[in-house]
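Presented below is the structure to which this report refers.
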Amino acid sequence: MTVPFLDLQALYREDAAAYDAAYHRVMNSGRWILGPELSRFEAAFASYCGRRHAVGVGNGLEALRLALVVAGIGPGDEVIVPAHTFIATWLAVQQCGATPVPVEPEDGGFNIGPAGVRAALSARTRAVIPVHLYGHAADGPGLEALCAEHGLVLIEDAAQAQGARWGERRVGSFGQLSAFSFYPGKNLGAFGDAGAVLTDDDELAHALRQQRNYGSTQRYAHESLGTNSRLDELQAAWLQVRLAKLDAHNARRSAVAALYAQHLAGVPGLRLPATAPGSQPVWHVYAVQATAREELQHFLSECGVETLVHYPRPVYGFAPFAAHRPAAHTRSDELCAQVLSLPMGPHLSDAQVMQVCAAVHSFFEAHPA
Ligand SMILES: *Cc1c(COP(=O)(O)O)cnc(C)c1O
C-alpha cells in the first residue's frame with residue numbers, strides 16, 4: 001500500500017455533491033467575476049478569522065504584494081522576512097521595489113519572533129512579514145507589540161496556517177494586514193489559484209478592492225493604478241464548501257500529528273516538530289528533522305511512503321537573492337539540510353500513519369544514529 005503525501009482528490013470525493021451544486025449554481029447565475037459568491041466567501045472567511053474585511057485576490061503572492069502596496073511600501077524601504085520560507089514571501093517584497101531583510105527562525109522552532117526581528121531593525125525598516133510556517137502560528141501578540149513600538153506595519157503571511165491560533169486569536173487577525181493563499185494544497189485550498197487579504201481598516205480594504213480591479217471599485221472610474229488580480233466566482237463558491245469543513249479537516253490533521261508524536265518519540269537521530277506554548281498549529285506539514293535526511297527519504301520512498309522537503313534550499317541560495325546570504329552557517333541552512341515532511345492531510349487513515357511510523361523505525365534500526 002502506498003501512502004500519498006496528500007490526497008487532494010479525496011477532498012473532492014468527500015463533498016462531491018456540494019461542490020457540484022456550487023458549480024451548477026455559478027454556471028446558471030451568469031456571474032463569473034466579482035459577484036455574490038465572492039462577497040459571501042469574503043464575509044465568511046473574515047468572520048472565521050476574526051477580521052472586519054477580507055478581499056479576495058488571484059493568489060497568495062498577489063495577496064502579499066497588494067498588502068505591501070496599500071501599506072505604501074516601496075523603493076528604499078526594508079521589510080523583515082523569515083530566512084526560512086517559501087520564495088513568495090521575498091518575491092512580494094522585491095516586486096514592490098523594497099529590500100527583504102532575512103531573520104533566522106527562533107531557537108528550535110520554525111518561525112521568526114520579536115527578539116530576532118528587533119535585532120534586524122534599521123532606520124529604513126518599514127514592515128515585518130512573519131510566516132506561520134508549516135501551520136505553526138508565529139508570536140502574533142509579541143510581533144504586534146514590537147511593531148507598534150517602532151511604528152512598523154505588520155503583515156502576516158498566513159498561507160500555510162488557515163485556522164491556526166496563538167492564544168485565543170486565529171492567524172489572519174494579527175497586525176494591519178494578513179495575506180492568504182488558497183492554492184489547492186493549502187489547509188483551505190481552492191480547485192485552482194486564489195488568495196485573500198484581510199484587514200480591520202476600512203480604508204485599506206477599499207484600497208485593496210481598487211488594487212485588485214484596475215484601481216476601480218466602480219466600472220471605468222480608475223482612482224489609482226491597480227492591477228488585475230481577482231478571485232473568481234467558481235473558486236469562491238467552492239471555497240465556501242471547503243471553509244465549512246476546515247475545522248474538521250484541521251482536527252484530523254492534529255490527530256495525525258498526535259499519532260506521529262506518540263509513535264515516533266524517542267527515535268535516536270530523529271527530531272520531531274516542537275510546538276511553542278500558546279500556539280495551536282494546524283499541521284500544514286509535519287516536518288521532522290534528520291541528519292540522514294536524503295537516505296531516510298529514499299528508504300521511505302522504497303516503502304511506498306511519499307515525502308517532500310519544505311524547502312531544500314534557503315531563499316538566499318537562489319542567485320537573485322544571493323546578496324542576502326549570511327556569513328555563517330545558520331538555522332535556516334540546517335533546516336534546509338535536515339527537514340522532511342511526512343505524509344499529512346485530513347484523509348490519512350490511522351493504518352497509513354502506522355505504516356509511515358513502521359517504515360521510519362525500520363530505517364533507524366538499520367541506520368543507528
Ligand atoms: C503557498 C505560499 C505562498 C504563495 O501562494 P500562491 O497562492 O501559490 O501564490 C506564499 N507564502 C507561503 C508561505 C506559501 O506557502
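The values are calculated or read from the model by the stated rules, or taken from the named source; none is laboratory data. No experiment lies behind these values; they were computed from the predicted model shown. Glycine also receives a Cβ, built like all others from the backbone with ideal geometry; neighbour counts cover every protein chain displayed. Protein only, heavy atoms only, side chains kept; ligands, DNA and RNA dropped before computing areas. Shrake-Rupley method; radii C 1.70, N 1.55, O 1.52, S 1.80 Å.
If you go through region 205-229 one residue at a time, how many are under 18 Å from L68 (Cβ atoms) and part of a loop (DSSP other than H, G, I, E, B)?
The qualifying residues number 7.
Here is a check on your reading of the model: is L66 touching a residue at least 12 places away in the same chain (Cβ under 8 Å), open to solvent by 10 Å² or more (accessible area, probe 1.4 Å) and within 16 Å of the ligand (Cβ to nearest atom)?
Working: touching a residue at least 12 places away in the same chain (Cβ under 8 Å): yes; open to solvent by 10 Å² or more (accessible area, probe 1.4 Å): no; within 16 Å of the ligand (Cβ to nearest atom): yes.
No, not satisfied.
Considering only residues that are open to solvent by less than 60 Å² (accessible area, probe 1.4 Å), within 23 Å of the chain's Cα centre (by Cα) and in contact (Cβ under 8 Å) with a residue 60 or more places away in the chain, which ones fall in region 300-333?
The answer is T307, H310, Y311, P314, V315, Y316, F321, H324, T330, R331, S332.
Please verify whether region 176-188 includes one or more residues that are free of Cβ contacts under 8 Å to residues at least 24 places away in the same chain and surrounded by fewer than 24 Cβ atoms within 10 Å (Cβ to Cβ).
Looking through region 176-188, none of the residues is free of Cβ contacts under 8 Å to residues at least 24 places away in the same chain and surrounded by fewer than 24 Cβ atoms within 10 Å (Cβ to Cβ).
Exactly one of these conditions fails for V256: (1) closer than 18 Å to V3 by Cβ; (2) at pLDDT below 95. Give me its number.
(2) is the only condition that V256 fails.
Identify, please: which residue in region 350-364 is in contact with a strand residue (DSSP E or B) (Cβ under 9 Å, 6 or more places away or on another chain) and among the polar types (S, T, N, Q) and is, among those, least open to solvent (accessible area, probe 1.4 Å)?
Only one residue fits best here, namely Q352.
If I filter region 142-157 for residues that are in a loop (DSSP other than H, G, I, E, B), touching a Gly at 6+ places or on another chain (Cβ under 8 Å) and either open to solvent by less than 10 Å² (accessible area, probe 1.4 Å) or charged (D, E, K, R) (or both), do I get at least one hit?
Applying the first criterion (in a loop (DSSP other than H, G, I, E, B)) to region 142-157 yields 151-152.
This time we only want the ones that are touching a Gly at 6+ places or on another chain (Cβ under 8 Å), so: none.
No; the residues of region 142-157 include none that is in a loop (DSSP other than H, G, I, E, B), touching a Gly at 6+ places or on another chain (Cβ under 8 Å) and either open to solvent by less than 10 Å² (accessible area, probe 1.4 Å) or charged (D, E, K, R) (or both).
Which one is most open to solvent (accessible area, probe 1.4 Å), of the residues in region 1-13 that are touching a helix residue (DSSP H, G or I) at 6+ places or on another chain (Cβ under 8 Å) and within 15 Å of P184 (Cα to Cα)?
This residue is Y12.
Check every one of the helices (runs of 4 or more DSSP H) wholly within region 1-85 and list those with 1 or more residues that are among the hydrophobic types (A, V, I, L, M, F, W, C), under 20 Å from A207 (Cα atoms) and in contact with an Asp or Glu (Cβ under 8 Å, 6 or more places away or on another chain).
Where helices (runs of 4 or more DSSP H) fall fully within region 1-85 and carry at least 1 residues being among the hydrophobic types (A, V, I, L, M, F, W, C), under 20 Å from A207 (Cα atoms) and in contact with an Asp or Glu (Cβ under 8 Å, 6 or more places away or on another chain), they are 36-49, 60-70.
Considering only residues that are within 16 Å of the ligand (Cβ to nearest atom) and part of a loop (DSSP other than H, G, I, E, B), look in region 86-118 and name the one that is farthest from G72 (Cα to Cα). Please lay out each step first, then the result.
Start the filter on region 86-118 by keeping residues that are within 16 Å of the ligand (Cβ to nearest atom), which leaves 86-96, 100, 102-103, 105, 109-112.
Remaining after also requiring part of a loop (DSSP other than H, G, I, E, B): 86-87, 96, 105, 109-112.
Details: F86: 23, I87: 22, C96: 9, P105: 27, G109: 31, F110: 29, N111: 25, I112: 23 Å.
Selected residue: G109.
Pairs needed: first member in region 334-356, in contact (Cβ under 8 Å) with a residue 60 or more places away in the chain; second member anywhere, open to solvent by 50 Å² or more (accessible area, probe 1.4 Å) and part of a helix (DSSP H, G or I); C-beta distance under 6 Å; at least 6 residues apart or different chains.
P346/R252
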